[in-house]
Each structure stands twice: as structure tokens, then as C-alpha cells.
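Report on one structure; see the data block that follows.
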Amino acid sequence: MTVGIIGSGTMGSGIAQVAATAGCSVKVYDTSQEALTTSEDKLNEVLLRLIEKERIDDAEKNRIQGNISYVASIQDLADADLTIEAIIENLEVKQKVFRELEACQTKDAIIASNTSSLSIASIASALENPERVIGIHFFNPAPLMPLVEIIPAVQTSTTVKEKVVKIISDWKKVGVLAKDTPGFIVNRVARPFYGEALRIYEEGKADIPTIDNALKELGGFRMGPFELMDFIGHDVNYTVTETVFKEFYYDPRYKPSFTQKRLKEAGYLGRKTGNGFYDYKDGKIDKSR
Ligand code: NAI
């Protein structure tokens, strides 16, 4: 099976690794050549680390690398049986890319979005054949996180849904079917985890490391809410909260935080830029502002 990936950032790169490991021929496309080069470099680093840990051998590394190619034009995805889009979380931009893709593919090719919060029905509505569109929502880091939400839209055909359920299982992931509602399952449940932590901090009730440690020590979470927001990236995490808030008709339970908005505006996006709630340049330092 040939799989197209649009967007070679955090998620696209991880999904490409998952599909290539499962034996698919994967083509990764991005508008940024730099992003494609970084994606390839990171994959090579990850595979070398897996060899060091004796999880894979040289032959497996070569097999996975051989299954992935990096392409500079969306037309190069014309023969993909399944394309998964993982670009910026913006409806208009996603719709435009989906239209470009549909124009160069056959009618039975499946087109999926990895969106965290946008409506799959509205993404699909941009296409002439919306029944081919579905949400396939991986979690970060995609190669390590077993869960994948599968989100059929109102328009999605049963055949497409069934094919995707099988593909995700073949890729050794745990697929769950979710309704096309804002944040689906996990991102909706997770909103108050971030939102209440931010409110506790903004009200001056506790500082960031205290809240993170409390959740890790007592709640058994692997990362505290601030560590997790820094890990996901404030551009992505804030935008998801904003979308869920708007889509739920401004329900105050999902109200976004000014503290996080300012980080996003400043370009302090978390681990990927080396600063966020913590500073990561010289080890991890609390930067409660
Ligand atoms: P990212 O910022 O790491 O990567 C996005 C990539 O898309 C960049 O390389 C950019 O050059 C490329 N791009 C932007 N516009 C493009 C276009 N028109 N055509 C082709 N490439 C384009 O973003 P990330 O974090 O990988 O997120 C991607 C999607 O996945 C978003 O919809 C996000 O909501 C979703 N998501 C993100 C998760 C996360 O933890 N970061 C988790 C699950 C879903």
C-alpha cells in the first residue's frame, strides 16, 4: 500500500515512521524543504537510537528507511491509496490542500486528517467526493503512543471507515471510533486538565513545578500539565483549546488562558523552541512568569 503524508513536522514524521515500519511505501510531502530535511535527519537519529537499544537491527533500519521517500510536490502523492494530512491546524488551509490533493488522485483514494479539533465534516465539505474523507488522529509521539482515534464524518462512506479501521489495526495501533465532535474523545477530556492547572497558576494558588509534581506524584501522570503543554507546543495546544471553546459555543469550561496565549504570541512554543513554561536551553528551569 502507498501512503502519502502531508506535513513533515512532529506528527507527520512520526506517522510516516509508523506506516513505513508496517511495510507501506510512504511518500512525505511538505511545502518547506527544510522541514523535509529535518524530518529525514530525525528519523535517521531515531532509528540509530533503536539500534543502540537493540530494538531493531541494521537490516530493519534499512528496510524502514527504504520505505520512505521525501517529495517536493503534492502531485507526487497521486498514487497514494491513503493520504494523511498533518499540517497547520487551520480549516481554510487544510481545505485548500485537500482540494489540491483530490484533483490529482483517483476517486477511491482515502484522504485523512490528523486534526486535533477541527470538524472532519467541514474539512470534507471542500471536496467533490467527501465520502473519501475521514479523521485519523494519532497522539504524540506517534511511533510510541498506541491509541489512534478514527473519526468518520457525516459524509464518510462505510467502506472508507472499515478500510481505515483495518489499516490502523494492521499498523499495530489501538483504534477507537469517535464521533465528529470538538476535541473528539481525548482532547476534550484533556482540556480541563490543562485549563484548571492554568487557572490554579493564574490565581496564584500554586507555582508551575508544584502543580506538575502534584499531578505526577499523586495522580500517576507521566508528565504534569505544564510539562505536557510544553511538549505538545503552545501553538498547537492553544489553538486546539481555542477551537474546542468556540465549537462548544463558548462554554466557559473550555476557556483558553491568556498566560498560554502570550507564550504563543512570543514564539515561546515549548520544547521545540527551547522555552515555554520551562526553559530547556541549560537543563529544565522553571520560568514562572
Ligand atoms: P508542526 O508544526 O510540527 O508541522 C506542520 C508541518 O506542516 C510543517 O513542517 C509545515 O511546513 C507543514 N505545512 C504547513 N502548511 C503546509 C501546506 N499547505 N502543505 C504542506 N505542508 C505544510 O505541526 P504538528 O504538531 O505536527 O501538527 C500537525 C497537525 O497534527 C495539526 O492539525 C495538529 O492539530 C495535529 N496534532 C498535533 C499533535 C501534537 O501533539 N503536536 C497531536 C495530534 C494531532
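The values are calculated or read from the model by the stated rules, or taken from the named source; none is laboratory data. It should be emphasised that the depicted structure is a prediction, and the values quoted were computed from it without experimental measurement. With ideal geometry, Cβ positions are generated from the backbone for all residues, glycine too; neighbour counts draw on all protein chains shown.
Things worth noting here:
- Filter result (of a type outside the set (A, V, I, L, M) and surrounded by 15 or more Cβ atoms within 10 Å (Cβ to Cβ)) within the range 34-62: THR38, SER39, GLU40, LYS42, LYS61
- Extreme residue, farthest from the ligand (Cβ to nearest atom), among residues of the range 213-249 that are touching a strand residue (DSSP E or B) at 6+ places or on another chain (Cβ under 9 Å) and under 16 Å from TYR201 (Cβ atoms): PHE226
- Evaluated against (1) buried (at least 17 other Cβ atoms within 10 Å of the Cβ); (2) under 20 Å from the mean Cα position of the chain (by Cα); (3) not hydroxyl-bearing (Ser, Thr, Tyr), LYS96 falls short on exactly one condition, (1).
- Among the residues examined, ASP108 does not qualify as part of a loop (DSSP other than H, G, I, E, B), in contact (Cβ under 8 Å) with a residue 40 or more places away in the chain and not polar (S, T, N, Q).
- Qualifying position, being within 11 Å of the ligand (Cβ to nearest atom), in a helix (DSSP H, G or I) and closer than 23 Å to ILE110 by Cα, among SER13, SER39, SER8: SER13
- Filter result for VAL189 (surrounded by fewer than 15 Cβ atoms within 10 Å (Cβ to Cβ), β-branched (Val, Ile, Thr) and farther than 30 Å from ASP81 by Cβ): yes
- Only one of the numbered conditions (1) under 18 Å from GLY12 (Cα atoms); (2) modelled with pLDDT of 95 or more is not met by ALA109, and that is (1).
- Flag if ALA153 is among the aliphatic types (A, V, I, L, M) and crowded, with 20+ Cβ neighbours inside 10 Å: yes
- Residue pairs whose Cβ atoms lie under 6 Å apart, separated by 6 or more positions or on different chains, with the first residue in the range 214-229 and without any contact (Cβ under 8 Å) to a residue 60 or more places away in the chain and the second part of a loop (DSSP other than H, G, I, E, B), are LEU215/PHE221; LEU215/GLY224; LYS216/GLY224; PHE226/PHE277.
- The residues of the range 77-93 that are closer than 20 Å to SER125 by Cα, within 11 Å of the ligand (Cβ to nearest atom) and not charged (D, E, K, R), listed by number, are ILE84, ALA86, ILE87, ILE88, ASN90, LEU91, VAL93.
- Where a residue in the range 6-24 is within 13 Å of THR38 (Cα to Cα) and its partner, wherever it lies, is within 6 Å of the ligand (Cβ to nearest atom) and assigned to a helix (DSSP H, G or I), with Cβ under 6 Å and at least six apart: SER8/ALA35
- Matching residues, the range 63-77, being surrounded by fewer than 17 Cβ atoms within 10 Å (Cβ to Cβ) and hydrophobic (A, V, I, L, M, F, W, C): VAL71, ALA72
- Qualifying residue in the range 124-140 (condition: at pLDDT below 95 and closer than 30 Å to LEU263 by Cβ): yes
- Residue satisfying all of: in the range 124-150; within 14 Å of the ligand (Cβ to nearest atom) and assigned to a strand (DSSP E or B); surrounded by the fewest Cβ atoms within 10 Å (Cβ to Cβ) among these: LEU147
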